[in-house]
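Read-outs throughout are calculated quantities, based only on the coordinates presented, and are distinct from any laboratory measurement. It should be emphasised that the depicted structure is a prediction, and the values quoted were computed from it without experimental measurement. Cβ placement follows ideal geometry from the backbone for every residue including glycine, while neighbour counts extend to all protein chains displayed.
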Amino acid sequence: MKTRLSVNVNKIATLRNARGGNIPNLYQFVKDIQNFGIHGVTVHPRPDERHITLKDTYEISKIVKTNYNIEGYPDERFIKIISEIKPEQATLVPDTHDVITSDQGWDTVKSKSLLRDVIKNLKSFGTKVSVFINPELEFVEGAFDCGADRIELYTGDYSSEYLTDKSNSIKKYVNASLKGKKLGMDVNAGHDLNLENLKYFKSQIPFLFEVSIGHALISDSIYYGIENTIKKYLSNLNYE
Ligand code: PXP
């Protein structure tokens, strides 16, 4: 099974915003990485616009010819964005406004009624809805009960444990993925995936639907260049 590589371009916007001008050119970057073979573009338009702005979110929708994935906490602003852009995928994250990055998934049991309503609404726009969760069976079942099409497993814990105990680090992810697949949901993964840990993750969960990668991939491109970096990530996902 082919696993989609969706590149999170938040960091390019962070770099651009540091000087207030248009270097690097985020939109050109989005066009180029799609020509270099990626399968999707991810943005997380946070309300404080510290990286991707609302304008970016709409402008990028005009140039994405692969799969557009918009992440965010499902408040009114986010729902309006999805209703207007109708991206291929919306990924729901439980972040409060002040977190540096999404560092945990939903408790899909406690947040069931919120998620159920939001997912129904977002699906009515023709968008596939993915729910970001930690790899716990109850959260996989909870996501399914809420009507999610997909789950995205938070891989921050995998990435840290991988360094000391590779075979143990993957166990929960394999079990959660198998459960998700059995229930009929696609299984995505993201956070802290990199050139060191991605290949093993893919080898243990070959039916993975999509990985969403930003920080490490953009950082690697400083050394390898973006085209070569994308080739390396694709190779780790078993593309020729
Ligand atoms: N998935 C989600 C839900 C995220 O919030 C992020 C970070 O924005 C990622 C994946 C990508 O994580 P990283 O930047 O560590 O590759």
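Here is how the numbers come out for the structure above:
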item: Ellipsoid semi-axes in whole angstrom, largest first, where each is sqrt(5λ) of the Cα gyration tensor of the stretch 129-170; result: 24, 9, 6
item: Stokes-Einstein D (µm²/s) once Rh is taken as the Kirkwood radius of the stretch 17-65 over alpha-carbon pairs, at 4 °C in 1.567 mPa s; result: 112
item: Cut-off 15 Å between beta-carbons: net charge of the residues surrounding K62, Lys and Arg +1, Asp and Glu -1; result: 0
item: Set of lysines near K110 by C-alpha distance (under 20 Å), chain-local residues within fewer than 8 positions excluded; result: K120, K179
item: Spherically averaged projected area of the chain from its Cα convex hull (nm²); result: 12.1
item: Gain on full stretching of the segment that runs from N17 to E76 - 0.36 nm per residue minus C-alpha separation; result: 18.7 nm
item: Additional length obtainable on full extension of the chain from K55 to N121, 0.36 nm per residue less Cα span; result: 21.5 nm
item: Residues listed by number, the stretch 143-158, amide nitrogen under 16 Å from Q104 label point at 7 Å toward C-beta; result: 154-158
